[in-house]
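Visitor: My questions will all concern the structure given below.
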Amino acid sequence: MLVPKTRLAVIALLGVGFVWGAAFVLMKDAIEQQPYMDFLATRFSIAAIAMIVLRPRLSLSMKPGDLKFGSLIGIVLAFGFITQTIGLSLTTAATSGFLTGLYVVFTPIIAWVFTRKRFPVRVTVGVLLAVVGLAVFSGAATNIEFQLGQIWLVACAIFFAIHILLLGKFGHGRNSYRIAMIQISFAAIVCWG
């Protein structure tokens, strides 16, 4: 039997998974109504403005490297969302969710390419379970034909994996709210560009 905190964590994780999956359906509807770059630019701009308004002092007091690091990961994040949204416009929401989720697979692989550090067997097992889980829950694994939309979504998963690795490498000792604010702001700039 799960202890109350563990049960709450499992419920929260399921809730996040549900919201994440539902977001693909909502995004697909949104990008059918307006150009995808306008959608992304507006989305990131609203988020950036909200973050600055909520914590204005953080935008004024930056440590050396915060702007450089935040802008780099913001650009990578923007390309992740741009490729995801292009892919979503060309395929189903289920396929989009499945292929985007492949960042779980690509993250340790890309880390290995750059570090040459072998990852433990449990990471390999975890990656395989993640692929099976994504396939089962999305229902998309039996219906994937690699067309242009799917290629964009694989690129998206690679960008998101790189984003995670950059956060892991350069994020230590930095204010996470400030870095998020910078990266969201730069993602907005890229999307307006």
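Visitor: For the range 54-64, take each phi angle, set θ = phi - 60°, evaluate the Karplus expression 6.51 cos²θ - 1.76 cosθ + 1.60, and give the result in whole Hz per residue in order, putting x for glycine and proline.
Guide: 5, 9, x, 5, 5, 6, 9, 10, 10, 7, x
Visitor: Using Cβ counts within 10 Å as a stand-in for footprinting exposure, how do F98, F160, F114 rank, fewest first?
Guide: So the residues, fewest neighbours to most, are F114, F160, F98.
Visitor: In a Gaussian network model over the chain where Cα atoms closer than 10 Å are linked, find which of I110, I162, I179 has the largest mean-square fluctuation.
Guide: I110
Visitor: Give the order of H163, H172 when sorted by the count of other beta carbons within 10 angstrom, beginning with the fewest.
Guide: Placing the least packed residue first, the sequence is H172, H163.
Visitor: How much length is gained on full extension from A12 to D29, taking 0.36 nm per residue of separation minus their Cα-Cα distance?
Guide: Full extension of this stretch gives 3.5 nm more.
Visitor: Given R₀ = 30 Å, what would the calculated FRET efficiency be for R122 paired with L148, taking r from the Cβ atoms and rounding to 0.05?
Guide: Working from the Cβ atoms, E equals 0.25.
Visitor: With n ≥ 4 as the cut-off for DSSP H runs, can you work out [θ] at 222 nm for the chain, using -39500 (n - 2.57) per run divided by the number of residues, rounded to the nearest 500?
Guide: -27500 deg cm²/dmol
Visitor: Something else: Rounded to whole Hz and in sequence order, give me ³J(HN,Hα) for the range 117-128 from the Karplus expression 6.51 cos²θ - 1.76 cosθ + 1.60, θ = phi - 60°, writing x for Gly and Pro.
Guide: 7, 6, 9, x, 4, 4, 5, 4, 4, x, 5, 4
Visitor: Going by how many other beta carbons lie within 10 Å of each one, how would you line up D38, D66, fewest first?
Guide: In increasing order of surrounding Cβ atoms, one gets D38, D66.
Visitor: Under a 10 Å cutoff between Cα atoms, tell me which one of G133, G101, G65 has the largest fluctuation in the Gaussian network model of the chain.
Guide: Sorting by GNM fluctuation, first place goes to G65.
Visitor: Let me ask something else about it. By average Cβ neighbour count within 10 Å, what is the ranking of 9-17, 83-91, 123-131 from highest down?
Guide: Top of the packing list down: 83-91, 123-131, 9-17.
Visitor: Sticking with this one: Rounded to a whole number of µm²/s, how large is the Stokes-Einstein D of the range 64-193 at 25 °C and 0.890 mPa s, given Rh as the Kirkwood radius over C-alpha pairs?
Guide: 157 µm²/s
Visitor: Using θ = phi - 60° and the Karplus relation 6.51 cos²θ - 1.76 cosθ + 1.60, list the HN-Hα couplings for the range 160-172 in order, rounded to whole Hz, with x at every Gly or Pro.
Guide: With the stated coefficients, the range 160-172 comes to 5, 5, 4, 4, 4, 5, 5, 4, x, 6, 10, x, 5 Hz.
Coordinate-derived values only; no laboratory data. Just so you know, these numbers come straight off a predicted model, no measurement behind them. Every residue, glycine among them, receives a Cβ derived from its backbone with ideal geometry; neighbour counts consider all protein chains shown.
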